[in-house]
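> Once you've had a glance at the structure underneath, I'll fire off some questions.
The values are calculated or read from the model by the stated rules, or taken from the named source; none is laboratory data. Everything numeric here is computed off the predicted structure, so don't read it as measured data. Cβ sites come from the backbone with ideal geometry, for glycine too, and all protein chains shown count toward neighbours.
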Amino acid sequence: MANYWLFKSEPFKWSWEMQKAKGAVGEEWDGVRNYQARNNMRAMKIGDKAFFYHSNEGLEVVGIVEVNELSAPDSTTDDPRWDCVHIRAVCDMPKPVTLKDVKANPALEKMALVTSMRLSVQPVLQDEWDEVCRMGGLDPKSI
DNA sequence: GCCAACGTTGGC
DNA sequence: GCCAACGTTGGC
(Lines give C-alpha, C1' and ligand atoms only; values in the text may rest on other atoms or scores of the structure.)
Protein backbone atom coordinates (compact mmCIF):
# COMPACT_ATOMS: atom_id res chain seq x y z
CA MET A 1 0.00 0.00 0.00
CA ALA A 2 1.23 3.40 -0.98
CA ASN A 3 2.03 6.02 1.58
CA TYR A 4 1.50 9.76 1.33
CA TRP A 5 3.85 12.61 2.15
CA LEU A 6 4.32 16.33 1.99
CA PHE A 7 7.41 18.21 0.81
CA LYS A 8 7.98 21.81 1.79
CA SER A 9 10.00 24.19 -0.29
CA GLU A 10 10.61 27.89 -0.24
CA PRO A 11 9.55 28.94 -3.73
CA PHE A 12 12.49 31.28 -4.24
CA LYS A 13 14.85 28.38 -3.62
CA TRP A 14 12.99 25.62 -5.41
CA SER A 15 9.52 26.35 -6.72
CA TRP A 16 6.76 24.21 -8.12
CA GLU A 17 7.44 25.81 -11.52
CA MET A 18 11.04 24.61 -11.32
CA GLN A 19 9.92 21.16 -10.25
CA LYS A 20 7.49 20.94 -13.16
CA ALA A 21 10.22 22.05 -15.57
CA LYS A 22 12.08 18.85 -14.66
CA GLY A 23 9.18 16.85 -16.06
CA ALA A 24 9.08 13.08 -15.80
CA VAL A 25 12.80 12.89 -15.03
CA GLY A 26 12.25 14.61 -11.71
CA GLU A 27 14.86 16.00 -9.39
CA GLU A 28 16.84 15.09 -6.32
CA TRP A 29 15.23 16.48 -3.14
CA ASP A 30 18.58 17.54 -1.73
CA GLY A 31 19.56 19.76 1.15
CA VAL A 32 17.60 18.07 3.93
CA ARG A 33 19.66 18.12 7.16
CA ASN A 34 17.10 16.90 9.61
CA TYR A 35 16.91 13.31 10.81
CA GLN A 36 13.15 13.07 10.96
CA ALA A 37 12.79 14.43 7.44
CA ARG A 38 15.49 12.09 6.22
CA ASN A 39 13.90 9.10 7.92
CA ASN A 40 10.64 9.92 6.21
CA MET A 41 12.41 9.91 2.86
CA ARG A 42 14.05 6.57 3.66
CA ALA A 43 10.59 5.14 4.26
CA MET A 44 9.34 6.20 0.84
CA LYS A 45 8.73 3.79 -1.98
CA ILE A 46 8.70 4.30 -5.74
CA GLY A 47 5.31 5.67 -6.74
CA ASP A 48 4.46 7.14 -3.33
CA LYS A 49 2.55 10.38 -3.81
CA ALA A 50 3.19 13.63 -2.01
CA PHE A 51 1.95 17.19 -1.77
CA PHE A 52 4.28 19.98 -2.86
CA TYR A 53 3.94 22.88 -0.44
CA HIS A 54 5.30 26.40 -0.76
CA SER A 55 6.56 27.73 2.57
CA ASN A 56 7.41 31.32 3.44
CA GLU A 57 5.70 32.65 0.35
CA GLY A 58 2.41 31.29 -0.85
CA LEU A 59 1.85 29.01 2.13
CA GLU A 60 -0.15 26.58 0.07
CA VAL A 61 -0.16 23.13 -1.44
CA VAL A 62 0.39 23.82 -5.11
CA GLY A 63 0.79 20.41 -6.66
CA ILE A 64 1.30 16.68 -6.43
CA VAL A 65 4.54 14.79 -6.94
CA GLU A 66 5.56 11.17 -6.85
CA VAL A 67 8.72 9.44 -5.71
CA ASN A 68 10.65 8.14 -8.70
CA GLU A 69 13.94 7.17 -7.04
CA LEU A 70 14.52 5.67 -3.63
CA SER A 71 16.61 7.45 -1.06
CA ALA A 72 20.28 7.63 -2.07
CA PRO A 73 23.25 9.79 -1.02
CA ASP A 74 22.60 13.52 -1.24
CA SER A 75 24.89 14.84 -3.96
CA THR A 76 25.21 18.22 -2.25
CA THR A 77 27.20 16.86 0.71
CA ASP A 78 29.95 14.34 1.47
CA ASP A 79 28.41 13.70 4.86
CA PRO A 80 27.20 10.09 4.69
CA ARG A 81 24.37 10.80 7.13
CA TRP A 82 22.29 12.58 4.53
CA ASP A 83 20.43 11.02 1.67
CA CYS A 84 17.31 11.82 -0.27
CA VAL A 85 14.76 10.62 -2.79
CA HIS A 86 14.01 11.96 -6.25
CA ILE A 87 10.55 13.25 -7.03
CA ARG A 88 8.71 14.27 -10.17
CA ALA A 89 5.71 16.49 -10.73
CA VAL A 90 2.41 14.71 -11.35
CA CYS A 91 -0.18 17.48 -11.58
CA ASP A 92 -1.19 20.91 -10.37
CA MET A 93 -3.65 21.53 -7.61
CA PRO A 94 -6.53 23.03 -9.60
CA LYS A 95 -7.17 25.20 -6.55
CA PRO A 96 -4.14 25.55 -4.25
CA VAL A 97 -4.92 24.62 -0.65
CA THR A 98 -3.60 27.24 1.76
CA LEU A 99 -2.29 26.72 5.26
CA LYS A 100 -5.22 28.86 6.38
CA ASP A 101 -7.65 26.44 4.73
CA VAL A 102 -5.93 23.50 6.40
CA LYS A 103 -6.02 25.14 9.82
CA ALA A 104 -9.67 26.05 9.35
CA ASN A 105 -10.65 22.45 8.63
CA PRO A 106 -11.28 20.43 11.82
CA ALA A 107 -10.64 17.20 9.86
CA LEU A 108 -7.05 18.33 9.36
CA GLU A 109 -6.22 19.60 12.83
CA LYS A 110 -3.86 16.66 13.45
CA MET A 111 -2.04 17.09 10.18
CA ALA A 112 1.75 17.36 10.56
CA LEU A 113 1.62 20.60 8.58
CA VAL A 114 -0.16 22.10 11.59
CA THR A 115 1.38 20.14 14.46
CA SER A 116 4.98 19.83 13.22
CA MET A 117 5.30 23.19 11.63
CA ARG A 118 9.05 23.03 11.07
CA LEU A 119 9.35 19.53 9.66
CA SER A 120 10.14 19.84 5.96
CA VAL A 121 9.28 16.30 4.86
CA GLN A 122 6.15 14.98 6.53
CA PRO A 123 3.91 11.94 6.44
CA VAL A 124 0.28 12.48 5.41
CA LEU A 125 -2.50 10.12 6.47
CA GLN A 126 -4.90 8.64 3.93
CA ASP A 127 -7.83 10.65 5.27
CA GLU A 128 -5.79 13.86 5.22
CA TRP A 129 -4.66 13.12 1.69
CA ASP A 130 -8.21 12.61 0.46
CA GLU A 131 -9.45 15.72 2.25
CA VAL A 132 -6.74 18.02 0.91
CA CYS A 133 -7.23 16.63 -2.61
CA ARG A 134 -10.95 17.38 -2.41
CA MET A 135 -10.27 20.88 -1.10
CA GLY A 136 -7.89 21.41 -4.00
CA GLY A 137 -10.43 20.33 -6.58
CA LEU A 138 -8.99 16.89 -7.27
CA ASP A 139 -10.71 13.53 -7.05
CA PRO A 140 -8.39 11.48 -4.80
CA LYS A 141 -9.35 8.35 -6.71
CA SER A 142 -8.17 9.80 -10.01
CA ILE A 143 -4.59 10.33 -8.89
C1' DG B 1 12.19 41.72 9.36
C1' DC B 2 10.86 39.76 13.70
C1' DC B 3 10.63 36.22 16.75
C1' DA B 4 8.79 31.74 18.63
C1' DA B 5 9.53 26.99 18.23
C1' DC B 6 12.49 23.57 17.98
C1' DG B 7 16.55 20.82 16.45
C1' DT B 8 21.59 20.42 17.04
C1' DT B 9 26.00 21.05 19.22
C1' DG B 10 29.33 20.94 22.64
C1' DG B 11 31.13 21.71 27.38
C1' DC B 12 30.95 19.69 31.58
C1' DG C 1 23.69 12.30 29.72
C1' DC C 2 22.28 16.99 30.85
C1' DC C 3 21.39 21.38 29.39
C1' DA C 4 22.71 26.05 27.80
C1' DA C 5 23.94 28.23 23.70
C1' DC C 6 23.32 28.56 19.17
C1' DG C 7 21.36 28.12 14.46
C1' DT C 8 17.48 27.44 11.42
C1' DT C 9 12.76 27.29 9.98
C1' DG C 10 8.76 29.38 8.79
C1' DG C 11 4.41 31.97 10.04
C1' DC C 12 3.15 36.46 10.68
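> Can you say whether A:Asp78 is surrounded by fewer than 18 Cβ atoms within 10 Å (Cβ to Cβ) and either in a loop (DSSP other than H, G, I, E, B) or polar (S, T, N, Q) (or both), as far as the supplied structure shows?
Yes: the conditions hold for A:Asp78.
> Looking at the range A:112-143, which of its residues are assigned to a loop (DSSP other than H, G, I, E, B), buried (at least 19 other Cβ atoms within 10 Å of the Cβ) and out of contact with any Pro (no Cβ under 8 Å at 6 or more places or on another chain)?
Of everything in the range A:112-143, just one residue is assigned to a loop (DSSP other than H, G, I, E, B), buried (at least 19 other Cβ atoms within 10 Å of the Cβ) and out of contact with any Pro (no Cβ under 8 Å at 6 or more places or on another chain), namely A:Ser120.
> Is it the case that A:Ala104 is within 14 Å of DNA strand C (Cβ to nearest atom) and touching a Leu at 6+ places or on another chain (Cβ under 7 Å)?
In short, no.
> Continuing with the same structure: Confirm whether A:Ala50 is part of a helix (DSSP H, G or I), touching a residue at least 12 places away in the same chain (Cβ under 8 Å) and among the aliphatic types (A, V, I, L, M).
no
> Looking for whichever is of a type in the set (Gly, Ala, Ser), within 16 Å of DNA strand C (Cβ to nearest atom) and without any contact (Cβ under 8 Å) to a residue 40 or more places away in the chain here; the options are A:Ser71, A:Ser15, A:Ser9. Which one fits?
That would be A:Ser15, the only listed residue that is of a type in the set (Gly, Ala, Ser), within 16 Å of DNA strand C (Cβ to nearest atom) and without any contact (Cβ under 8 Å) to a residue 40 or more places away in the chain.
> So how many residues does the range A:21-36 have that are small (Gly, Ala, Ser), at pLDDT 95 or above and either assigned to a loop (DSSP other than H, G, I, E, B) or closer than 19 Å to A:Pro123 by Cβ (or both)?
Final tally of qualifying residues: 1.
> For A:Arg88, work out the one condition from (1) basic (Lys, Arg); (2) under 19 Å from A:Asp48 (Cβ atoms); (3) loosely packed, with under 12 Cβ neighbours inside 10 Å it doesn't fulfil.
Checking A:Arg88 against (1) basic (Lys, Arg); (2) under 19 Å from A:Asp48 (Cβ atoms); (3) loosely packed, with under 12 Cβ neighbours inside 10 Å, the one that fails is (3).
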